[in-house]
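As structure tokens, the structure follows; a few thoughts come after it.
Please treat every number below as a calculation from the coordinates, not as lab data. For clarity, every value in this text was computed on a predicted model and none was experimentally measured. All Cβ positions, glycine included, derive from the backbone under ideal geometry; neighbour counts span all protein chains shown.
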Amino acid sequence: MIINKERKLEHVTYSKKEILLLIGVFTLLTTVILALHPLTAATTATTTVVAPTVSTYLKTVPLAKPLADPPNTIIHPTYDSKGNPPTAPGLIMKARVFNAEPPKVVYITIDDGPYLQNTPHLLDVLKKENVKATFFDVGQQIEQFPSLLKAEYDQGHAIGNHTYSHDYSALYKSPDTFLADVQKTDDLIFKIIGIHPKIIRAPGGTSCFNIAYYNLLDANDYMAYDWNLDTGDTDGKFSVQQIVNNVDKQIGNKHKIILIMHDLPNKSSSANALPIIIAHLKEKGYTFDTLSTNIIPITFPEGFYK
């Protein structure tokens, strides 16, 4: 009788703790074998054996992909300081590694540009104040003014993706249409300055999302950033002083501020208010930095409940 002993190989993943244990065992066995083997015993005095490192194993052993949170998951709409992702029923987001941030920090973010009438003014102010900002640019505007995107980047500012069309009705038809719009801008940015920004800002903020948007963006390694201080500068009736007052009222005791303002045509109040805003924030002890995927995002909670 012939018994078929064929077995199906299963894909196995290991935790970091298990990997460290395997490395210890492997290193011990290697040392013993080298000490006992007649050929290697004679050369151990002059030969250095380098044991494999944890990073070597992490590169070669596949890590488990994140699984969807179960239906009874408690909703927690933010990353924690250890990089653990938000949680919500059906959510699939990976853990991240974030940088430590200063005790009082402001990330100035500027949306909707570039525009010939306003972007150079904003860049002049930021250069004079020696402050770096994050420009969330729109693909259609980049097509019109590629040199302004390059000027932003060359001046040392961070570049984020604010979609190609900024058209709510098109963007929020489905997660796939949103991603396609983002990737169109991604391609444009790469052609002009040679980078693929992974930080995005959703028009209207992530309150327009549902779980499927987060899952698709995370699977494509994008991270969405909202804000916790709105200058209100899209209101055409706001004067420079009103914009400044609006900011001052919202600072409160925030340790981390993601401030949103806008780069819009024929509207100089934002750029004129910016140096006053920066001065007020400096007086309160804030430092300034730019956003990247190494910074914990601020996100609105609404999308995690849909």
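Provide the packing ranking of 247-256, 291-300, i.e. peptides ordered by the mean count of other C-beta atoms within 10 Å per residue, highest first.
On the way: 247-256: 13.4, 291-300: 19.0.
Output ranking for 247-256, 291-300: 291-300, 247-256.
Net charge around residue 196, counting only other residues with Cβ within less than 13 Å of its Cβ (Lys, Arg = +1; Asp, Glu = -1)? Mind showing how you got there, number by number?
Details: positive: 184, 191, 198; negative: 186, 187, 221.
Neighbourhood net charge equals 0.
Hey, what do the phi angles of region 249-257 turn into as Karplus ³J(HN,Hα) couplings, whole Hz, using 6.51/-1.76/1.60 and θ = phi - 60°, x for Gly and Pro?
Result, ordered by residue: 5, 9, 5, x, 10, 4, 8, 10, 10 Hz.
Projected onto the charge dipole of region 62-166 (+1 at Lys/Arg Cβ, -1 at Asp/Glu Cβ, origin at the Cα centre), which of 140, 95, 114 gives the Cα projection farthest towards the positive end?
The residue sitting farthest along the positive end of the dipole is 95.
Can you pull the one-decimal nm distance between simple spin-label points at residue 253 and residue 147, each 7 Å off the Cα toward Cβ?
It works out to 5.0 nm between the two label points.
Taking neighbour counts of Cβ atoms within 10 Å as a proxy for exposure, in what order, fewest first, do 288, 178 appear? Show your work: numbers first, answer last.
Details: 288 20, 178 23.
Ranking 288, 178 by Cβ neighbours within 10 Å, fewest first, gives 288, 178.
If R0 is 22 Å, what FRET efficiency do you get for residue 74 and residue 170 from their C-beta distance, rounded to 0.05? Kindly include the intermediate steps, with their values, before the conclusion.
Working: r = 34 Å, r/R0 = 1.53.
Step by step, r from the Cβ atoms, then E = 0.05.
If we restrict to alpha carbons, what Rg and Dmax does region 105-305 come to, in Å?
Calculated on Cα positions, Rg and Dmax stand at 16.0, 45 Å.
Taking the alpha-carbon distance from residue 104 and a cut-off under 13 Å, which aspartates and glutamates remain once sequence neighbours fewer than 8 residues away in the same chain are dropped?
283, 289
Among 139-145, 70-76, what's the highest-first ranking by average C-beta atoms within 10 angstrom per residue?
Output ranking for 139-145, 70-76: 139-145, 70-76.
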